[in-house]
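Every number here is computed from the coordinates shown, using simple stated rules; none is lab data. Because the structure is predicted, anything quoted here is derived from the model rather than measured. With ideal geometry, Cβ positions are generated from the backbone for all residues, glycine too; neighbour counts draw on all protein chains shown.
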Amino acid sequence: MEQVLSYIESNNERYLGELRELLAIPSISSQSDHVPDMRRCAEWVAQHMRTIGMQNVQIMDTPGHPVVYSEWLGVPGKPTVLLYGHYDVQPVDPVNLWTSPPFEATIRNGSLYARGAADDKGQVFIHLKSIEAYMRNVGSLPVNLKMIIEGEEEVGSEHLEGFVKEHKELLKADLVLISDSSMFAKGIPSVCYALRGLAYMEVELTGPNTDLHSGSFGGSLHNPIQALSEMIASLHDKSGRITIPGFYNDVRPLTKAERAAFKKLPWNDKKYAKQLGLKQLYGEKGFTTLERLWARPTLECNGIWGGYTGEGAKTVIPSKAFAKISMRIVPDQTSVKIARLFEKHMKKIAPKTVDVKVRMLHGGEPAITPIDSPGVRAAAAALQKGFGKRPLFQREGGSIPIVVQFKRLLGLDTVLLGFGVPDENAHAPNEFIHLDNFFGGIKTAAHFYDELPDYWEKGSRRK
Ligand code: BES
Ligand code: ZN
């Protein structure tokens with residue numbers, strides 16, 4: 001282990017150079033002009049896996065972007081970890097708000113800035129480097145390892161469920177490990193044990209059959225942008241609760257113990273508001289901010305458009321107005337049921353002056369994983385060693401839809417070992433990863449692989 005750790009320390013500079021190469025590939029999964037970049041990125045990851053000693057490396061096609069698979073199964077009898085991550089990234093617009101170009105990784109103030117630095121290329125790379133350190137110094141890993149790094153996480157992992165179903169035998173393992181979430185804060189390591197799910201919808205309102213001159217026609221009809229705004233405004237009541245009938249029916253209430261545990265975490269609403277540039281926070285009454293972020297469902301308008309938004313003025317009443325609205329859901333809500341309730345409600349509240357169409361773009365289920373599993377214990381021990389601090393236990397508000405599929409299809413629990421931070425600007429301009437977390441992450445990952453067999457054995461003896 002000592003050799004592994006000192007190897008990691010003495011190779012820091014090289015790691016950054018290699019990570020820069022990976023971050024330079026604009027693997028934006030949602031944009032069709034980046035299809036060749038997606039393949040180039042999958043090839044880069046596959047090639048890197050070969051370089052560090054992973055075996056049976058394959059780029060496996062799906063109806064969408066390819067999945068990169070590899071394995072190292074050199075210690076029969078030891079647990080097998082299925083490591084999941086994603087090489088795709090979110091779009092970069094508005095690109096003018098980036099201080100340095102999104103695909104030219106740049107170090108400023110101890111952080112590395114680039115799209116994908118934290119979500120999730122940087123975190124996938126953390127594992128590749130910890131594996132390399134073992135392979136070069138020990139010649140083997142403490143555990144068996146299978147990796148799937150996919151290219152569609154940021155667009156809802158549409159084809160991954162089918163992929164897992166088709167390759168159940170290949171993906172057989174003892175637990176799943178994912179580094180695609182955050183620590184509680186910089187310098188405060190944490191293990192995450194629950195994620196929210198998502199139901200993502202698009203709404204289209206049609207008023208008149210064509211755009212109209214707002215002078216000749218204004219006053220005679222309901223502008224669809226106004227109608228849509230009125231509908232959206234009515235989706236929350238005065239206490240910040242969502243007004244869709246039945247929306248909260250399946251929400252599992254927070255236990256007393258959980259509420260007490262959240263209250264003990266170091267949190268300050270005022271500081272948080274200031275950091276976000278807000279005069280005041282907003283949210284469902286009766287719950288703390290952490291409760292609202294991690295364990296309560298939400299409804300957000302992600303985008304709204306229609307009419308004229310170009311330069312200068314145009315006096316027009318648009319024929320159509322659109323909105324993208326997504327709902328973060330919590331156990332035991334399900335995305336399909338929530339989507340149905342949303343659609344029914346939008347149709348009910350749409351005024352007679354417009355036609356409404358509602359579509360579901362994608363969905364994912366909320367996940368909660370047992371906090372006392374051997375994997376989670378090993379993760380906590382690894383964080384303690386990697387960062388020199390006892391980790392906190394926390395939930396997260398984001399979603400990784402495949403977590404639930406791994407449980408359903410492969411029977412596997414997931415360990416969420418995140419090295420990002422909540423304010424890393426994921427999905428926004430100036431995404432970054434703290435270099436301390438990056439290097440601490442490599443060591444922590446190495447400790448995790450080292451600790452797991454023991455915890456695993458103890459865990460199976462307890463059963
Ligand atoms: N890395 C995030 C998931 C995440 C975010 C976990 C914050 C914990 C905290 C992931 O890449 C992501 O953004 N997922 C999407 C999923 C969606 C497209 C189905 C999300 O949460 O919006
Ligand atoms: Zn993301």
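Observations on the structure shown:
- For region 106-186, trypsin sites (Lys or Arg not before Pro) are listed when DSSP marks them as loop and at most 12 other Cβ atoms sit within 10 Å of their Cβ; the list is K168.
- Ordering I442, G418, G459 by Cα displacement along the dipole of region 387-462 toward the positive end leaves G459 in first place; charges were set at the Cβ atoms of Lys, Arg (+1) and Asp, Glu (-1).
- The distance separating the Cα centre of region 281-358 from that of region 1-76 comes to 37 Å.
- 3J(HN,Hα) couplings calculated from phi for region 144-157 with the Karplus curve 6.51 cos²θ - 1.76 cosθ + 1.60 (θ = phi - 60°) are, in sequence order, 7, 9, 10, 10, 10, 10, 9, x, 9, 4, 6, 10, x, 6 Hz; Gly and Pro show x.
- What the Cβ-Cβ distance of T210 and Y308 gives, at R0 = 22 Å and to the nearest 0.05, is a FRET efficiency of 0.95.
- Separation between Cα centres of region 212-238 and region 381-457, rounded to whole Å: 45
- When each of the peptides 368-375, 311-318, 325-332 is scored by the mean number of other C-beta atoms lying within 10 Å of its residues, the order from highest to lowest reads 325-332, 368-375, 311-318.
- Principal axis dimensions, region 82-142 - Cα atoms, whole angstrom, descending: 46, 26, 13
- When the chain is reduced to its Cα atoms, the Kirkwood hydrodynamic radius in Å: 23.6
- Site pair Q280 and Q31 shows an inter-label distance of 3.8 nm when each label is modelled 7 Å from Cα along Cα→Cβ.
- 0 to 90° range, to nearest 10: angle between helix 121-137 axis and the chain longest Cα axis: 10
- For K238, the aspartates and glutamates whose Cα falls under 15 Å of its own Cα, not counting residues fewer than eight places away in the same chain, are E230, E284.
- Ranked packing of 63-73, 338-348, most packed first, by mean Cβ within 10 Å: 63-73, 338-348
- Helix 435-462 axis versus longest C-alpha principal axis of the chain: approximately 70°, rounded to the nearest ten.
- Cα extents of region 168-321 along the three principal axes, largest first (Å): 65, 49, 36
- Phi angles of region 14-30 translate, via the Karplus equation with coefficients 6.51, -1.76, 1.60 and θ = phi - 60°, into HN-Hα couplings of 4, 4, 5, x, 5, 4, 4, 4, 5, 6, 6, 8, x, 8, 8, 5, 7 Hz per residue; Gly and Pro are given as x.
- Reduced Cα scattering model of region 267-368, Debye log10 I(q)/I(0), q = 0.10, 0.12, 0.15, 0.23 Å⁻¹: -0.45, -0.63, -0.88, -1.22
- Compactness index (Cα Rg / 2.2 N^0.38 Å), region 353-432: 1.51
- Between L361 and Y200, M201, E202, the built amide H atoms are under 5 Å apart, and every one of these is 5 or more places off in sequence or on another chain.
- Region 29-81: equivalent-ellipsoid semi-axes (sqrt of 5 x gyration tensor eigenvalues, Cα, Å): 27, 12, 7
- Cβ charges +1 (Lys, Arg) and -1 (Asp, Glu), total dipole of region 101-174, debye: 440
- Principal axis extents of the C-alpha atoms in region 14-142 (largest first, rounded to whole Å): 52, 40, 20.
- Taking every lysine pair in region 57-206 that is 8 or more places apart or spans two chains, those with Cα atoms closer than 26 Å amount to 17.
- Ellipsoid equivalent to region 310-463 - semi-axes via the Cα gyration tensor, in Å: 43, 23, 10
- Of the GluC sites (Glu not before Pro) found in region 92-157, those in coil by DSSP whose Cβ has at most 14 other Cβ atoms within 10 Å are E104.
- Simple Cβ-charge dipole of region 1-70, Lys/Arg +1 and Asp/Glu -1, about Cα centre, in debye nearest 20: 140
- Phi-based couplings in Hz for region 336-346 (Karplus 6.51, -1.76, 1.60; Gly and Pro marked x): 5, 5, 5, 4, 5, 4, 5, 4, 4, 5, 4
- The magnitude of the dipole of the chain, with charges of +1 and -1 set on the Cβ of Lys/Arg and Asp/Glu and taken from the Cα centre, is near 1800 debye.
- Helix 374-387 vs. the chain, principal-axis angle (Cα, 0 to 90°, nearest 10): 80
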